[in-house]
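Here's a structure for you.
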Amino acid sequence: MRFSSYFRHPEKNIALVFDVGSESVGGAVVRRARGDRPTTLCSYREPVPLVRNADPEQLLWQATEALKLVARHLDRFIATDTTFPASERRDFDEIFFVVSPPWYAGKTLFVETREKKPFTVTPPFLQGILEREETALAESFFPPGAPGKARDAVSLLERKIMRLRLNGYETAVPLGKHASHLELSLYLSAAPATVVNRIVGAVRKTFNARRIEFHSLAFVASAMIRDLFAESENFIFADASGELTELSLIERGVILETTSFPIGRNGLIRRLRKDITGSSTEAALSAFRVFARGEGNPEHSEKVRRALSEAEAEWLGLFRKTLAHFSEAAFLPRVLYILAPDPATTQIFRSFIEKSPVGQFTVTAEPFTVVPLSAETLEQAALYGTNTHCDPTMTLAALFLNRIHIEEGL
């Protein structure tokens, strides 16, 4: 079947998806399919240049410029099918964005309502709870007394009821039921409206869409890990791809906690650039990869090890502090899934984690089993077009979009 015929399919099962991180920006043309794996017809990733001091405004500018390049690359791919009408090549029903820190903040809220007399759970009743919590999250982006209305300055990305109990019993169909006690686990993610507008604006220079939807990487990854690894109902998800490391604690399919701290892969590269290679980012990246593979000569490897040791100690301190916070509610699961942009980053952070004594936090008092979310781990979960290979983040996004396709009956 020719590429253009996918676009003419009455089910409109083609979507564009973009992954906006702080280390790189990716994009893909995805064909979704009910009862089958999604197909990534084309994917492309553009690095975000490493800014000197992680200035937020400069970082956002670099990321949106990379996003424009990714959109143009996908546009060129689509244009290779000369039979596809030129007037329709840039108009899509759906464009999805998956964003990573620092572009969003996510939080799970635990809401409880108890009344002396039974109440009926109605749409307005639930809507009132949701709006109240959304406002509180929006206001958390700004200090007290900040000008403007918080809700106007923040864009809500996701609002997902992950668990709901009535009178102590979990239910997936609460509407119309009577109860005197309601417990709600609500996942919310939001981003500054200026960030959302600039991300959308970068793509709209190339493509138009009827529907634009944002999702957080933590939500997408945690949902797909549960689908792909049936035994993993309780786990930790770690993303160390860019400026930050994000950790999410998942229990029985619910994101209990998600937090981030300001040392990720980019911080390690800056340290190498400063201590070993001067101002060359490429030389620092090369040294990083050689060290991760264990291929450098002993003298060079020792220089890299010393350069990374301070960052490693700082990262491990923040990692253990986060785990201690997570463990206040319960013992932690043994399995940790890690997502990183390349094998070198995965190996470095995996070695950090394996050095950290975490037995006191886990149920079995044993170290974490670290599972990389790599191309090797994920490539069988999806299909790929000619000359297209598994990009782990884009594959997770394609699988997530396929699930939405099925759930919405598109």
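The values are calculated or read from the model by the stated rules, or taken from the named source; none is laboratory data. Keep in mind that what you see is a predicted model, and the values were worked out from it rather than measured. Heads up, the Cβs are rebuilt from the backbone with ideal geometry, glycines too, and the neighbour counts pull from every protein chain shown.
Among (1) surrounded by 21 or more Cβ atoms within 10 Å (Cβ to Cβ); (2) over 25 Å from N234 (Cβ atoms); (3) of a type outside the set (D, E, K, R), where does Y337 come up short?
Only one criterion in (1) surrounded by 21 or more Cβ atoms within 10 Å (Cβ to Cβ); (2) over 25 Å from N234 (Cβ atoms); (3) of a type outside the set (D, E, K, R) is unmet by Y337, namely (2).
So if I check each of R271, R293, R265, which one is under 18 Å from the mean Cα position of the chain (by Cα) and assigned by TED's automatic domain parsing to the domain that holds S356?
Of R271, R293, R265, the one residue that is under 18 Å from the mean Cα position of the chain (by Cα) and assigned by TED's automatic domain parsing to the domain that holds S356 is R265.
A further question follows. So which helices (runs of 4 or more DSSP H) are wholly in segment 210-317 and hold at least 3 residues that are modelled with pLDDT of 95 or more and surrounded by 15 or more Cβ atoms within 10 Å (Cβ to Cβ)?
Working: elements: 217-228, 265-275, 281-293.
Answer list for segment 210-317: 217-228.
Here's another thing I want to ask about it. In segment 147-163, how many are modelled with pLDDT under 80 and touching a helix residue (DSSP H, G or I) at 6+ places or on another chain (Cβ under 8 Å)?
Of the residues in segment 147-163, 3 are modelled with pLDDT under 80 and touching a helix residue (DSSP H, G or I) at 6+ places or on another chain (Cβ under 8 Å).
Sticking with this one: Let me confirm something: among E88, E134, E112, which residue is over 18 Å from A202 (Cα atoms), in the same structural domain as E170 (by TED's automatic domain parsing) and modelled with pLDDT under 85?
Among E88, E134, E112, only E134 is over 18 Å from A202 (Cα atoms), in the same structural domain as E170 (by TED's automatic domain parsing) and modelled with pLDDT under 85.
Collect the residues in segment 161-194 that are among the small types (G, A, S), touching a residue at least 12 places away in the same chain (Cβ under 8 Å) and not in a strand (DSSP E or B), keeping them in residue-number order.
G168, G176, A193
Further question on the same structure: Only one of (1) in the same structural domain as E243 (by TED's automatic domain parsing); (2) at pLDDT 90 or above; (3) within 19 Å of the chain's Cα centre (by Cα) is not met by A381, so which one is it?
Result: A381 passes all but (1).
Determine, yes or no, whether E46 is under 22 Å from A375 (Cα atoms) and either surrounded by 12 or more Cβ atoms within 10 Å (Cβ to Cβ) or at pLDDT 90 or above (or both).
yes
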